[in-house]
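Student: My structure is below; once you've seen it, I'll send some questions.
The values are calculated or read from the model by the stated rules, or taken from the named source; none is laboratory data. The structure displayed is predicted, hence computed values, not measured ones. So basically every Cβ, Gly included, is an ideal-geometry build from the backbone, and we count neighbours across all protein chains shown.
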Amino acid sequence: MHAILFCLLASTTNAADTWSDVSPIVSRHCSTCHHDAGSGPFPLLSHSDLAGRRRFIAEILRRKLMPPWLPGGDSPPLHDDRTMPKTDRTRLIAWLDAGAPTAEGTEPVAITPPITPSFPAGTFTVPLDEPFVIPPETIENEHRFHQDTWCFVIPLDNEDPLRVRGIGWKTAAPQSVHTVTLVADDRGRGRKRDEVDPRVGFERDGDLDRDISGSLGGVGIGLDRMLLPPGFHWSIPAHSDLVAEVKYRPLGRALPLGDQAYLVPADDVASREVIAVVTGVNRLKVPAGEKEHEAEDRFTLPAAFDVIAVIPRARNECRSMRLSANLPDGTQRTLLDIPDWDAHFRRPYLFKSIQSLPAGTILVSRFIIDNTDGNPRNPYDPPEDLRIGRRTGVAGFTLLGAGSDAAASNLLLKTSQRVMDRRGSQTRPSRTPIPSPKAP
Amino acid sequence: MRTPVITLMCVWLAALALAGCTAPPASLSDHDGLVHTPLDGDEGDLVVVVFSSTDCPIANAMAPDIERASRETTEAGGRFYLVHARPELTAERTRTHAREYELTMPVIVDRNHDLVRTLDATITPEAYLLRMRGNGRYDILYHGSVNNLYGSVGNRRQNISEHYLRDAVRSAAAGKEIEVSQRTPFGCYIERN
């Protein structure tokens, strides 16, 4: 009886774990990003990589800040789910707390850095030829959407329309570039913006009128590509540019960008074209000090919609968000649940199985905004009145998918744009004045 | 003369009274081979010590602000030191780091954690603003975070809007009182050896 109790205790506390016991956990959950060419700020491959930061890593794990994965328990199964099982987390913490022991008389073996899988055959790359340098610190600008955001026009010079089933992005500054979203532009809108801004690229968000950045997919931390499931493709008109919105985090030093976009051609002829349906709130007015401001939007699907992915968007005053679908039969389904939002870890989420929503489904998006200093991610200290508006939404979800045929897709796209337009026209392009920079 | 007991008492006093500590004779060389005794100096001298790390993302993100504080300190006639607390760091590594982050102040590696223990530093980045009293004694005028870029670990703000260290240096140089003399620093723990 005592022996059984002892065994139970021993197996739950794992007091005897050594490096060789926990290194598979580190390899699976951490090393994918924490290696020399990855997005993590330092490698987590060798025993000393962890032992030398034992207390720091333990605290980050206790606070569940790593690995970064925003969707919560209510979300349907998603590709590339990085949720760390509780048992793995507690074992790793216990090992760190115990002083990061190694097995006696053995040299701790380092984890092999992960290998990035190559892109499918036939993929072509388009380089970002502009000599942009990520600044060491945030550049204060007049418009709050564009902080730490820069856009680039990448000409494709395509004589004919392109059909692609995937996109990718390779950055020269993986620790700084957090999210890249793409949109195709055959009307020179990106070029016009680029001409107006005398600098390399242009400082703005990447939305082009009603075309939201991300309608051609995107990448995020630990995600270098977005491949559509079989039966779907993106269509890029002839003579298009890719307009890339790059969200970076300044790292204290200048970092030159030398990035590349990837396009994976589609082969199957019978695939459906992917469109972007945007739902969310077009404006927010949240006075400084308001703790639980709720913003909600409802959008009724005019046709059946097969959703393959969703890209969330909001500023960091937003603490949590949820997208759900009220189906005509009265059932409700959660499509994405983010209980602890952090815009820096924003990325596209691909559903493991296509979410088929019948016509008449109401998409409900809800956002909770905390504009107090109790929100440790509040971008402003002290908090400031939030008064923002944008035609393509200030907090929203971009749903990528297709209707049952081209006509249905077109109806979905046009209805979503019209709804956003109508609300957008009630929104004067408001500009929150930034605090006047204090004397340096 | 300066026994370990006095050093320990100093740590204790530094934590409790923030006043009148005696420095051990810590002389440490920077990556160019110059020897510094940060905690020694003439009465009235202003000295800033910032503990940092070459690969702490939080300390690195604040590098430009640390450099600005350093310039203001030297302009005000004070001394400023960046102290790395990881013993295994080579001069080559800290020199490269200083070049990448455009840091111009003396950079010291505190291999034996003399300064870490004397000042009881626990985090990078963590700043100390000291005023020397002469004879190796000093008062701690400000201790804590460099600025408000981080609201807590993992929670970074958009911009720095409060430059705590810089403002403390300005007040001290102008002979004014420092309003808040202690602010919790957020960053990467220093692993004591």
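Student: Give the number of residues within the stretch B:35-94 that are within 13 Å of chain A (Cβ to nearest Cβ), more than 15 Å from B:D110 (Cβ to Cβ) and of a type in the set (A, V, I, L, M).
Tutor: Count: 6.
Student: Could you go through the stretch A:377-386 and let me know if any residue there is among the aliphatic types (A, V, I, L, M), within 19 Å of the chain's Cα centre (by Cα) and not assigned by TED's automatic domain parsing to the domain that holds A:L182.
Tutor: Taking the stretch A:377-386 as the starting set, the residues that turn out to be among the aliphatic types (A, V, I, L, M) are A:386.
Those still in the list that are within 19 Å of the chain's Cα centre (by Cα) too: none.
No, the conditions are met nowhere in the stretch A:377-386.
Student: Quick one: is B:A121 within 29 Å of A:R54 (Cα to Cα) and modelled with pLDDT of 95 or more?
Tutor: Considered against the rule, which asks whether it is within 29 Å of A:R54 (Cα to Cα) and modelled with pLDDT of 95 or more, B:A121 comes out as yes.
Student: Kindly evaluate A:D194 against the criterion of being surrounded by 17 or more Cβ atoms within 10 Å (Cβ to Cβ) and acidic (D, E). Spell out how you get there, then give the answer.
Tutor: On the way: surrounded by 17 or more Cβ atoms within 10 Å (Cβ to Cβ): yes; acidic (D, E): yes.
So A:D194 fits the description; yes.
Student: What is the one condition in (1) under 30 Å from A:S324 (Cβ atoms); (2) at pLDDT below 95 that A:R89 does not satisfy?
Tutor: Every condition holds for A:R89 apart from (2).
Student: Among the candidates A:R204, A:R191, single out the residue that is closer than 27 Å to A:T279 by Cβ and more than 14 Å from chain B (Cβ to nearest Cβ).
Tutor: A:R204
Student: For the stretch A:75-83, indicate whether the set of residues that are within 12 Å of chain B (Cβ to nearest Cβ), touching a strand residue (DSSP E or B) at 6+ places or on another chain (Cβ under 9 Å), polar (S, T, N, Q) and closer than 30 Å to A:V310 by Cβ is non-empty. If you could, list the steps in order and put the result at the bottom.
Tutor: Filtering the stretch A:75-83 down to residues within 12 Å of chain B (Cβ to nearest Cβ) leaves none.
Checked against the condition, which is being within 12 Å of chain B (Cβ to nearest Cβ), touching a strand residue (DSSP E or B) at 6+ places or on another chain (Cβ under 9 Å), polar (S, T, N, Q) and closer than 30 Å to A:V310 by Cβ, the stretch A:75-83 yields no hits at all.
Student: Let me ask something else. Whether any residue in the stretch A:281-292 is among the aliphatic types (A, V, I, L, M) and more than 21 Å from A:N378 (Cα to Cα) is what I want to check. Full working, then the answer.
Tutor: As a first pass, look at the stretch A:281-292 and keep what is among the aliphatic types (A, V, I, L, M): A:281, A:284, A:286, A:288.
In the following step, the residues that additionally are more than 21 Å from A:N378 (Cα to Cα) were identified as none.
Within the stretch A:281-292 (the criterion being among the aliphatic types (A, V, I, L, M) and more than 21 Å from A:N378 (Cα to Cα)), the answer is no, since none of the residues qualifies.
Student: Do we have B:R157 as closer than 20 Å to A:A254 by Cα, modelled with pLDDT under 95 and surrounded by fewer than 21 Cβ atoms within 10 Å (Cβ to Cβ) here? Even if it seems obvious, please write down each step before you answer.
Tutor: Working: closer than 20 Å to A:A254 by Cα: yes; modelled with pLDDT under 95: yes; surrounded by fewer than 21 Cβ atoms within 10 Å (Cβ to Cβ): yes.
Yes; evaluated as a whole, the condition is true for this residue.
Student: Name, by its number, the condition in (1) in a loop (DSSP other than H, G, I, E, B); (2) under 18 Å from A:H239 (Cβ atoms); (3) not aliphatic (A, V, I, L, M) that does not hold for A:R163.
Tutor: In the conditions (1) in a loop (DSSP other than H, G, I, E, B); (2) under 18 Å from A:H239 (Cβ atoms); (3) not aliphatic (A, V, I, L, M), A:R163 misses (1) alone.
Student: Something else about it: Restricting attention to the stretch A:98-145, and to residues there that are aromatic (F, W, Y) and part of a loop (DSSP other than H, G, I, E, B), which single residue is nearest to A:T18 (Cα to Cα)? Can you show your working first?
Tutor: To start, the set of residues in the stretch A:98-145 that are aromatic (F, W, Y) comprises A:119, A:124, A:132, A:145.
Adding the requirement that they be part of a loop (DSSP other than H, G, I, E, B) leaves A:119, A:132.
Working: A:F119: 37, A:F132: 45 Å.
Within the stretch A:98-145, the match that is nearest to A:T18 (Cα to Cα) is A:F119.
Student: Just a yes or no: is a residue in the stretch A:252-270 aromatic (F, W, Y), more than 14 Å from every other protein chain (Cβ to nearest Cβ) and farther than 28 Å from A:C33 by Cβ? Spell out the reasoning first.
Tutor: Within the stretch A:252-270, the subset aromatic (F, W, Y) is A:262.
So of that shortlist, the ones also more than 14 Å from every other protein chain (Cβ to nearest Cβ) come out as A:262.
Next, from what is left, pick out any that are farther than 28 Å from A:C33 by Cβ: none.
Checking the stretch A:252-270: not a single residue is aromatic (F, W, Y), more than 14 Å from every other protein chain (Cβ to nearest Cβ) and farther than 28 Å from A:C33 by Cβ.
Student: Specify which of the listed residues (A:T334, A:T361) is of a type in the set (S, T, N, Q), crowded, with 18+ Cβ neighbours inside 10 Å, away from chain B (no Cβ under 14 Å) and under 28 Å from A:E273 (Cβ atoms).
Tutor: Values: A:T334 fails: crowded, with 18+ Cβ neighbours inside 10 Å.
Residue meeting the stated conditions: A:T361.
Student: Among (1) in contact with a helix residue (DSSP H, G or I) (Cβ under 7 Å, 6 or more places away or on another chain); (2) among the hydrophobic types (A, V, I, L, M, F, W, C); (3) surrounded by fewer than 22 Cβ atoms within 10 Å (Cβ to Cβ), there is one condition B:A173 misses while meeting the rest; what is its number?
Tutor: For B:A173, the failing item is (1).
Student: Give the stretch A:313-331 a look and list any residue that's in contact with a strand residue (DSSP E or B) (Cβ under 9 Å, 6 or more places away or on another chain) and not polar (S, T, N, Q), or say none.
Tutor: Within the stretch A:313-331, A:R313, A:A314, A:R315, A:E317, A:C318, A:R319, A:M321, A:R322, A:L323, A:A325, A:L327, A:P328 qualify.
Student: Quick check, is A:V183 more than 16 Å from the chain's Cα centre (by Cα), more than 20 Å from A:P135 (Cα to Cα) and of a type in the set (V, I, T)? Outline the logic, then answer.
Tutor: Details: more than 16 Å from the chain's Cα centre (by Cα): no; more than 20 Å from A:P135 (Cα to Cα): yes; of a type in the set (V, I, T): yes.
Answer is no for this residue.
Student: Still on this structure, I have one more. Can you name the residue in the stretch A:60-79 that is among the charged types (D, E, K, R) and either touching a His at 6+ places or on another chain (Cβ under 9 Å) or at pLDDT below 95 (or both) and is also farthest from A:I115 (Cα to Cα) among such residues? Quick ask: steps written out before the conclusion?
Tutor: Start the filter on the stretch A:60-79 by keeping residues that are among the charged types (D, E, K, R), which leaves A:62-64, A:74.
From what is left, the residues that are either touching a His at 6+ places or on another chain (Cβ under 9 Å) or at pLDDT below 95 (or both) are A:63-64, A:74.
Numbers: A:R63: 29, A:K64: 26, A:D74: 32 Å.
Ranking the qualifying residues of the stretch A:60-79, first place goes to A:D74.
Student: Quickly run through the stretch A:312-331 and pick out the residues that are assigned to a strand (DSSP E or B), away from chain B (no Cβ under 14 Å) and out of contact with any Gly (no Cβ under 7 Å at 6 or more places or on another chain).
Tutor: Residues of the stretch A:312-331 that are assigned to a strand (DSSP E or B), as a first pass: A:312-313, A:318-326.
With the extra rule that they be away from chain B (no Cβ under 14 Å), the set shrinks to A:312-313, A:320-326.
A:P312, A:S320, A:M321, A:R322, A:L323, A:S324, A:A325, A:N326, listed by residue number.
Student: Then there is this: Determine, yes or no, whether A:P287 is in contact (Cβ under 8 Å) with a residue 40 or more places away in the chain, surrounded by fewer than 18 Cβ atoms within 10 Å (Cβ to Cβ), more than 18 Å from the chain's Cα centre (by Cα) and in the same structural domain as A:V177 (by TED's automatic domain parsing).
Tutor: Numbers: in contact (Cβ under 8 Å) with a residue 40 or more places away in the chain: yes; surrounded by fewer than 18 Cβ atoms within 10 Å (Cβ to Cβ): yes; more than 18 Å from the chain's Cα centre (by Cα): yes; in the same structural domain as A:V177 (by TED's automatic domain parsing): no.
The answer is no for A:P287.
Student: Further question: Which residues, taken from the stretch B:72-99, are surrounded by 14 or more Cβ atoms within 10 Å (Cβ to Cβ), in a helix (DSSP H, G or I) and not hydrophobic (A, V, I, L, M, F, W, C)?
Tutor: Passing the criteria: B:E72, B:T73, B:T74, B:R93, B:T94, B:R95, B:H97.
Student: On the given criteria, is A:D297 modelled with pLDDT under 95, in a strand (DSSP E or B) and closer than 27 Å to A:G389 by Cα?
Tutor: The answer is yes for A:D297.
Student: Still on this structure, I have one more. Filter the stretch A:139-163 for residues that are touching a Pro at 6+ places or on another chain (Cβ under 6 Å) and more than 14 Å from chain B (Cβ to nearest Cβ) and give the result.
Tutor: Keep residues of the stretch A:139-163 that are touching a Pro at 6+ places or on another chain (Cβ under 6 Å), which gives A:140, A:161.
Listed by number, the list holds a single entry, A:P161.
Student: For B:Y142, work out the one condition from (1) buried (at least 19 other Cβ atoms within 10 Å of the Cβ); (2) more than 12 Å from the chain's Cα centre (by Cα) it doesn't fulfil.
Tutor: That leaves (2) as the condition not met.
Student: Scan the stretch A:179-186 and give yes if some residue there is small (G, A, S) and part of a strand (DSSP E or B), otherwise no.
Tutor: yes
Student: Counting residues that are in contact (Cβ under 8 Å) with a residue 60 or more places away in the chain and more than 14 Å from chain A (Cβ to nearest Cβ), which strands (runs of 3 or more DSSP E) fully inside the stretch B:113-193 reach at least 2?
Tutor: On the way: elements: B:126-134, B:137-144, B:150-152.
In the stretch B:113-193, B:126-134, B:137-144 are the strands (runs of 3 or more DSSP E) which contain 2 or more residues that are in contact (Cβ under 8 Å) with a residue 60 or more places away in the chain and more than 14 Å from chain A (Cβ to nearest Cβ).
Student: Counting just the residues of the stretch A:31-59 that are assigned to a helix (DSSP H, G or I) and within 7 Å of another protein chain (Cβ to nearest Cβ), which one comes out nearest to A:T112 (Cα to Cα)?
Tutor: Within the stretch A:31-59, the subset assigned to a helix (DSSP H, G or I) is A:47-51, A:54-59.
Still in the list and also within 7 Å of another protein chain (Cβ to nearest Cβ): A:54-56, A:59.
Values: A:R54: 20, A:R55: 24, A:F56: 23, A:E59: 25 Å.
Checked the stretch A:31-59; the qualifying residue nearest to A:T112 (Cα to Cα) is A:R54.
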